[in-house]
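Take a look at the structure set out below.
The values are calculated or read from the model by the stated rules, or taken from the named source; none is laboratory data. On a predicted model such as this, the values are computed, not experimentally measured, just so you know. Every residue, glycine among them, receives a Cβ derived from its backbone with ideal geometry; neighbour counts consider all protein chains shown. Quick note on the areas: whole protein, heavy atoms, side chains included, nothing else; ligands and nucleic acids left out. Shrake-Rupley method; radii C 1.70, N 1.55, O 1.52, S 1.80 Å.
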Amino acid sequence: MSVYQFDVIGTIESPYKQKFAIPRQPGLIPEARGKLVLTPPYANDEIVRGITSFSHLWLVFVFHETADKGWSSLVRPPRLGGNTRKGVFATRATFRPNPIGLSVVKLERVYRQNDTLILELSGIDLLDGTPILDIKPYLPYADALPDAVGGFADSAPETQMTVSFSEQAITFCNTQLNYPELTGLITKVLKQDPRPSYKKQRHTEQRYGMTLYHFNIKWTVNGEHNHVTEITQLP
């Protein structure tokens, strides 16, 4: 068996600081904005020449949080309720023989910041700190196949979840001028229902917390309703 070694060309700065609450596919939450930070020797203006003529990019990345946990030939896709096993190559699960993933993101802009080169992105589904191995332009004529069949994930996931905010949470969001889409981001993350499959069957009130950007969000789930109770800024 051949072994290959790859250099990390950059790192993702993401609002998702933990795996919990990350959407299961890219593009589901357009408000999720992040940055791909390229550092020398890859922070070279020539390396991205012409990239802004493309609206979307493919990112090849490493599942760095689960890379040391090994792989499994059979996995339980959350889309199937966590009860049905599928071959790992028939899923996008993280526990793969080679812990790499592929994500399509929208390119918002490119700019330089001292010795780094930054690609600002939206619609991301990547954990903060994700190492990036490669960038490729998204080509609509080749990458968007209208007749493709998506198996058990043939359409975007939908839930009946609703979301409301306490007065404190609304006030907090309205004062975050650097994050004008914070309310929309939180709403869409919660409408995806990030809970583990086995907890979705419970009918008693459940309490949860997550970190987005540097904010701590607390909410309750009662049936199909999420209520954001409190948002605070992390120290």
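Can you classify the chain as rounded, prolate or oblate using the Cα gyration tensor, where a ≥ b ≥ c are the square roots of its eigenvalues, rounded means a/c under 1.5, and otherwise it's prolate if a/b beats b/c and oblate if not?
Oblate, because a/c is 1.5 or more while a/b does not exceed b/c.
Subtract the Cα-Cα distance of S166 and L234 from 0.36 nm times their separation in residues, and report this length gain in nm to one decimal.
Gain on stretching S166 to L234: 22.6 nm.
My understanding is that a pair violates if its Cα-Cα distance is over 20 Å; which of K19/K188; K86/K136; K69/K199 do that in this structure?
Beyond 20 Å between Cα atoms: K86/K136; K69/K199.
Measuring from centroid to centroid over Cα atoms, what is the spacing of region 1-41 and region 99-162 in Å?
Measuring centre to centre over Cα atoms gives 9 Å.
Pairs of alpha-carbon atoms within less than 8 angstrom and 6+ residues apart define the contacts here; what relative contact order does region 162-233 have, in percent?
It comes to 38 percent, rounded to a whole number.
Sorted by accessible area with a 1.4 angstrom probe, largest first, how do W219, W71, W58 fall?
Listed by decreasing accessible area, they come as W71, W58, W219.
Could you give the length gained by full extension between E46 and A144, i.e. 0.36 nm per residue of separation minus their alpha carbon distance, to one decimal place?
32.5 nm
Relative contact order of the chain, please, whole-number percent, based on alpha carbon pairs below 8 angstrom and at least 6 residues apart.
26
How would you order 43-50, 186-193, 175-182, 16-23 from highest to lowest mean count of nearby Cβ atoms within 10 Å?
186-193, 16-23, 175-182, 43-50
If R0 is 41 Å, what FRET efficiency do you get for K136 and T175 from their C-beta distance, rounded to 0.05?
The pair K136/T175 has a calculated efficiency of 0.55.
Take H56, H203 and sort them by solvent-accessible surface of the protein heavy atoms, 1.4 Å probe, largest at the top.
Sorted by accessible area, descending: H203, H56.
How about region 68-166: which GluC sites (Glu not before Pro) there lie in a loop by DSSP and see at most 12 other Cβ atoms within 10 Å?
When the GluC sites (Glu not before Pro) of region 68-166 are filtered for loop state and at most 12 Cβ neighbours within 10 Å, E158 remain.
If packing is taken as the average number of other Cβ atoms within 10 Å across a peptide's residues, how do 89-95, 148-154 rank, most packed first?
Ranked from most to least packed, the peptides come out as 89-95, 148-154.
How far apart, in nm, are two points set 7 Å out from the Cα along the Cα-to-Cβ line at L102 and at V3?
About 2.6 nm separates the two model spin labels.
Given labels modelled 7 Å from the Cα in the Cβ direction, how far is it in nm from F54 to K218?
Result: 4.4 nm between the two label points.
Ratio to report: Rg/Rh of region 1-117, with Cα atoms as the point set and Rh obtained by the Kirkwood method; give two decimals.
Rg/Rh for region 1-117 comes to 1.00.
Once fully extended, how much extra length lies between Y111 and L28, figured as 0.36 nm per residue of separation less the alpha-carbon to alpha-carbon distance?
Computed gain between Y111 and L28 is 27.4 nm.
Would you mind classifying region 100-235 by shape? Square roots of the alpha carbon gyration tensor eigenvalues, ordered a ≥ b ≥ c; an a/c under 1.5 is rounded, otherwise it is prolate if a/b is larger than b/c and oblate if not.
In terms of gyration-tensor shape, oblate.
Decide, for region 162-233, between rounded, prolate and oblate: order the square roots of the alpha carbon gyration tensor eigenvalues as a ≥ b ≥ c, take rounded if a/c falls under 1.5, and otherwise choose prolate if a/b is larger than b/c, else oblate.
prolate
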